[in-house]
There are 2 protein chains.
Amino acid sequence: MLSTLDLTQRIPKETAKPELRTLKARLSALQQTVKEHKLPVIILFEGWSAAGKGSMISSLILTLDPRGFKTYSILPPDEAERRYPLLKRYWEKLPAYGSFSILDRSWYQDITTLAVEDKLSRQEVLRRTESIRIMERQLADDGTLILKFFLHISKKEQKDRLDKLEASKNTRWRVTSQDRRRNKHYDDYLDAYEAMLQNTTVSHAPWHIIPAHDKTTAQLMIFRTVVSSIESALAQKADQEKLVADPSAPINLSNPERLLPMPTLSQISLDKTLDPSEYDQRLKDAQQRLSQLHNKLYRQKVPLILAYEGWDAAGKGGNIKRVAAALDPRGYEVIPIAAPDKTELNHHYLWRFWRQLPKTGHIAIFDRTWYGRVMVERIEGFCTTRQWRAAYQEINEFEYELAQWGAVILKFWLHIDQNEQLRRFIDRQNTPEKQWKITEEDWRNREKWPQYQEAVDQMLQLTSTRYAPWYVIESQDKKYARIRTLELIIQTLEDVL
Amino acid sequence: MLSTLDLTQRIPKETAKPELRTLKARLSALQQTVKEHKLPVIILFEGWSAAGKGSMISSLILTLDPRGFKTYSILPPDEAERRYPLLKRYWEKLPAYGSFSILDRSWYQDITTLAVEDKLSRQEVLRRTESIRIMERQLADDGTLILKFFLHISKKEQKDRLDKLEASKNTRWRVTSQDRRRNKHYDDYLDAYEAMLQNTTVSHAPWHIIPAHDKTTAQLMIFRTVVSSIESALAQKADQEKLVADPSAPINLSNPERLLPMPTLSQISLDKTLDPSEYDQRLKDAQQRLSQLHNKLYRQKVPLILAYEGWDAAGKGGNIKRVAAALDPRGYEVIPIAAPDKTELNHHYLWRFWRQLPKTGHIAIFDRTWYGRVMVERIEGFCTTRQWRAAYQEINEFEYELAQWGAVILKFWLHIDQNEQLRRFIDRQNTPEKQWKITEEDWRNREKWPQYQEAVDQMLQLTSTRYAPWYVIESQDKKYARIRTLELIIQTLEDVL
């Protein structure tokens with residue numbers, strides 16, 4: 001794609017300048033429509049050093065109202081960033097609905113320059129490419145417009161520009177030995193770029209390769225693309241919002257072979273109990289063992305994610321507390337998930353979870369999770385049918401990405417029956433220090449037990465994978481449930497560590 | 001304070017255990033009151049390695065509902081953190097109103113262990129101590145309860161504990177060579193701790209020194225302090241909210257000698273214009289010069305903060321754009337300040353600004369600023385009279401801290417008269433592509449011109465300092481205003497760089 005590009009293209013200034021003025025006025029007006037229609041826009045720039053990314057970004061952002069965009073320079077990950085999944089820092093920089101994120105370099109670094117310099121295996125490059133492809137598809141499905149520009153210049157042009165920068169006292173510092181090295185090995189990078197462009201041009205996020213020898217020409221091509229892409233994205237968005245999905249059609253996953261067979265809730269007997277006389281000793285033993293494993297996990301830098309879901313009053317809080325009691329507070333965090341706030345609602349539903357991942361060697365205990373999408377959001381109509389139906393696949397992909405990074409993931413559904421819930425609700429209402437735990441909403445949710453049961457069954461069938469299995473924890477007897485959970489965690493960690 | 005502490009204190013387990021149980025139940029219930037009354041609580045732990053900070057924090061957080069607290073382990077700042085003011089990372093970790101931040105080590109590292117190891121000058125330690133004192137006072141004034149625990153053990157006890165940790169295969173890795181070194185030079189650290197405790201025990205944030213040889217005793221003393229402090233803070237908060245301040249009483253600043261004399265708005269003639277034929281050339285020259293200075297600033301790692309305030313329609317946007325056009329987009333950010341969102345309203349008003357500071361070598365252009373506190377918040381009653389009156393001092397302190405860090409700060413008030421504003425409002429209303437810029441709120445604000453003028457005058461008198469001066473920019477002629485602003489920035493940077 002690059003080697004066949006005509007780099008001598010040049011649009012004469014006399015025609016380019018007035019067209020640019022018109023496009024800038026158009027873009028400035030379009031920004032208000034983008035905001036109104038809540039369209040998120042990513043504009044990312046890749047390309048050679050000294051190809052002019054900075055000045056292209058500058059001309060774009062000078063056209064935009066600062067209240068509606070953010071710019072980011074993406075450097076190679078620093079030590080702190082390396083302790084998280086590669087994609088985390090990109091998810092964090094996604095635009096809110098109705099605004100722009102403009103990126104100077106991007107996730108494509110990880111499969112181009114960094115791949116060349118860190119001498120990544122072909123397999124690792126493919127893996128990262130796949131992760132990127134999935135991320136972009138998820139964002140596009142969420143309505144994000146993704147504009148990818150590659151600024152191309154020849155080896156000689158790059159060398160000339162570096163020479164010119166170096167010749168002036170003021171700009172000499174901008175030319176690093178790395179730039180020189182990359183220019184010298186231009187062809188190696190060219191190969192990496194070619195492969196990247198080939199493998200990541202998809203209809204919902206195509207690459208726009210810009211011949212960047214002539215600045216005005218490049219600028220004009222970029223503005224034309226930005227304006228026309230936004231216009232068509234806005235039109236498409238309006239169409240898409242009219243689509244209706246059938247809630248009962250079968251859901252097809254792309255990797256059904258990764259699923260584990262799961263029982264339905266009605267098949268769970270709920271008769272397990274634990275002799276109270278055994279509890280104290282087994283709790284103590286399990287906590288001691290878990291504490292040792294936490295040490296080991298920390299040293300081996302394995303991240304652990306514990307995801308808790310379950311009926312209201314099933315005992316999540318008490319269960320989590322027994323796990324947490326075994327852990328060093330410097331190495332774990334309990335992350336309570338409530339309804340999303342305004343900023344969170346203005347992003348992809350997975351955005352807030354990407355931001356809260358544990359670093360390597362740490363433990364994140366989620367008290368409720370991303371599965372809200374296929375339970376409360378589904379049942380209360382907080383998302384469309386199309387959205388919750390797509391979520392099973394998206395969540396599997398999300399967890400797969402975490403597993404590939406090295407995370408150990410366990411998911412618990414704390415299960416009780418309706419009578420037991422009623423008993424606990426009444427107990428909460430009658431005990432002054434527990435009253436804050438019970439709200440009107442809990443009673444309302446209870447009335448929707450059958451809908452929830454259906455949603456939970458479907459969730460268990462479609463999202464229990466070998467890399468992130470669900471465990472239904474019988475919780476009629478809280479003590480039994482605590483020991484069972486602790487022992488499952490211990491067993492998994494013993495297998496892994 | 002440390003050397004005279006009786007480390008042999010021990011409360012017998014038989015009486016300690018039941019009291020602890022009561023205190024835990026009490027704390028758990030109090031957390032709901034803390035939330036209801038929106039009390040922010042900081043609990044920080046300092047002390048020797050192996051003194052038991054981890055297990056104290058663990059027992060505290062196991063008592064609390066995870067929805068109401070966050071824990072933080074404070075390590076020495078990494079490379080990325082070192083590019084910001086020392087206090088930034090602490091401000092970011094402040095609790096929201098009604099919740100707890102629990103810190104394992106804190107800002108006191110910077111004047112104790114790090115001071116010993118980085119061999120800081122006495123002067124630098126004093127400077128940092130003063131910064132901390134100011135931060136704590138500002139937080140306390142905002143109603144934050146600050147609980148500071150120092151866990152004390154003897155040199156011998158510490159050595160025994162390190163030996164014990166090292167003796168077991170599972171915990172050996174926890175003992176670092178740094179721990180050994182610190183134990184060896186125990187007395188040096190003791191001196192640093194003593195000085196720190198002496199200098200930072202204040203009535204609104206006293207140190208609680210805990211003899212930590214006996215775990216149960218330490219735990220009990222901590223829980224007693226936490227419970228009683230929260231109870232009295234809640235009582236005090238209720239009292240404080242009843243206080244009424246006199247809006248017209250004179251405002252006394254602690255460092256009036258730092259103020260620069262300023263004119264009142266009515267003394268500004270507003271007759272400055274620029275010959276349009278000169279504008280293009282002077283703009284070009286100024287932007288070229290600023291571009292070079294941006295280069296220099298970046299290399300010398302000087303942070304620059306440009307704060308824009310002014311009447312609605314005074315031309316802030318266009319002015320900022322002319323400055324931004326000269327800058328490399330990788331080195332600056334325009335930060336538009338709107339009304340605070342829910343999360344921001346749940347924190348100290350300066351919190352959101354601390355989070356948006358530029359790193360060294362970068363430029364932050366604030367389109368509206370922290371001065372909202374003494375303008376719109378004052379006039380619309382979004383804060384109490386006591387609060388906006390305190391803000392002049394707080395803002396001066398905030399800017400002083402940034403200046404001490406090395407930031408260059410310029411503040412612009414873009415000034416026009418009422419007739420000119422009316423003309424521009426009408427123009428906006430009559431021009432389709434400008435209509436989004438004019439809202440009902442602009443008209444409402446316009447009616448309050450006299451109140452704003454009074455507030456602006458007071459702001460200029462009380463917050464123009466030699467380290468962060470205000471410039472009133474005559475903006476009847478936008479072109480004049482742009483050149484004037486650019487030239488002020490250039491002149492300041494030329495003096496500094």
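Label-to-label distance for B:S266 and A:L270 is 7.8 nm, based on points extended 7 Å past Cα in the beta-carbon direction. For B:K156, the lysines whose Cα comes closer than 27 Å to its Cα, not counting residues fewer than 8 places off in the same chain, are B:K13, B:K53, B:K119, B:K148, B:K164, B:K169, B:K184, B:K215. Residues in the range A:86-96 carry Karplus couplings, in order, of 3, 7, 4, 5, 7, 3, 5, 9, 5, x, 5 Hz; the curve used is 6.51 cos²θ - 1.76 cosθ + 1.60 with θ = phi - 60°, and Gly or Pro positions show x. Between B:S28, B:I102, B:P40, the Cα set farthest toward the positive side of the dipole of the range B:1-124 (charges on each charged residue's Cβ, about the Cα centre) is that of B:S28.
Normalised by the number of residues in chain A, the mean separation of alpha-carbon contacts (under 8 Å, six or more apart) gives a relative contact order of 19 percent. Using every pair of alpha-carbon atoms in the protein assembly as shown, split the distances into 10 Å bins beginning at 0 and state the percent of pairs per bin, rounded to integers. Bin by bin from 0 Å, the calculated values are 2, 9, 17, 22, 21, 17, 9, 2, 0, 0.
For the range B:332-407, the Kirkwood estimate of the hydrodynamic radius, built from every pair of different alpha carbons, is 13.3 Å. Dimensions of the range A:256-496 along the principal axes, based on C-alpha atoms and rounded to the nearest Å, stand at 44, 42, 35, largest first.
Give me the distance between the Cα centres of the range B:341-367 and the range B:53-96, rounded to whole Å. About 19 Å separates the Cα centre of the range B:341-367 from the one of the range B:53-96. Compute the helix-to-body angle for A:385-405: its Cα long axis versus the longest principal axis of chain A, expressed 0 to 90° and rounded to tens. Tilt relative to chain A: about 80 degrees.
If R0 is taken as 45 Å, the Cβ-Cβ distance between A:V496 and A:D280 corresponds to a FRET efficiency of 0.95. For the range A:1-121, what class follows from the C-alpha gyration tensor (a ≥ b ≥ c being the square roots of its eigenvalues): rounded when a/c is under 1.5, otherwise prolate if a/b is larger than b/c, else oblate? In terms of gyration-tensor shape, oblate.
Residues of the range A:1-19 with an amide N closer than 20 Å to a point placed 7 Å from the Cα of A:K164 along the Cα-to-Cβ direction: A:6-14, A:16-17. For the range B:132-149, putting each phi into the Karplus relation 6.51 cos²θ - 1.76 cosθ + 1.60 with θ = phi - 60° gives couplings of 5, 4, 5, 4, 5, 5, 4, 5, 4, 4, 7, x, 6, 8, 10, 10, 10, 10 Hz, in residue order, rounded to whole numbers and with x for Gly and Pro. Taking the DSSP bridge list for the range B:267-496 and keeping only pairs wholly inside it, about 5 percent are antiparallel.
Rounded to the nearest whole Hz, the Karplus-based 3J(HN,Hα) values (6.51 cos²θ - 1.76 cosθ + 1.60, θ = phi - 60°) of the range B:316-327 follow the sequence 4, x, x, 5, 4, 4, 5, 6, 4, 4, 8, 10, with x at glycine and proline. Once you order the gyration tensor axes a ≥ b ≥ c over the Cα atoms, which shape class does the range B:361-447 get: rounded for a/c under 1.5, otherwise prolate or oblate by comparing a/b with b/c? It is oblate, given that a/c is not under 1.5 and a/b is not larger than b/c. Name the shape class, rounded, prolate or oblate, that the alpha-carbon gyration tensor gives for the range B:13-238, where a ≥ b ≥ c are the square roots of its eigenvalues, rounded holds for a/c under 1.5, and otherwise prolate holds if a/b is larger than b/c and oblate otherwise. Taking the square roots of the gyration eigenvalues as a ≥ b ≥ c, the range B:13-238 is oblate.
Shown here for the range B:74-135: trypsin sites (Lys or Arg not before Pro) in loop regions (DSSP other than H, G, I, E, B) with at most 13 other Cβ atoms within 10 Å, namely B:K119. Contact order for the range B:13-238, expressed relative to its length and based on alpha carbon pairs under 8 Å spaced 6+ residues apart, stands at 31 percent. Distances between copies of A:Q198, taken at a point 7 Å out from Cα along the Cα→Cβ vector and listed shortest first: 7.2 nm.
Comment: the Cα-to-Cβ extended label point of A:T439, at 7 Å, lies 2.8 nm from its counterparts in the other copies, nearest first. When both bridge partners sit in the range A:13-240, DSSP labels roughly 5% of those beta bridges antiparallel. Among the chymotrypsin sites (Phe, Trp or Tyr not before Pro) within the range A:391-497, those in coil by DSSP and having at most 16 neighbouring Cβ atoms inside 10 Å are A:Y467.
Relative to the other identical copies, A:A238 shows label-point distances of 5.8 nm, where the label point lies 7 Å from Cα along the Cβ direction and values run shortest first.
Using the Cα coordinates of the range A:400-476, the gyration tensor eigenvalues translate into equivalent-ellipsoid semi-axes of 31, 15, 11 Å, sorted from longest to shortest.
Taking Cα atoms only, the orientation of helix B:418-430 departs from the longest principal axis of chain B by about 90 degrees.
The C-alpha atoms of chain B define a longest principal axis, and helix B:478-496 lies at about 50 degrees to it.
Values in this text are rule-based calculations from the coordinates and carry no lab data. All values reported here derive from a predicted model rather than from experimental measurement. In this analysis, Cβ positions are derived from the backbone assuming ideal geometry, glycine residues included, and neighbour counts consider all displayed protein chains.
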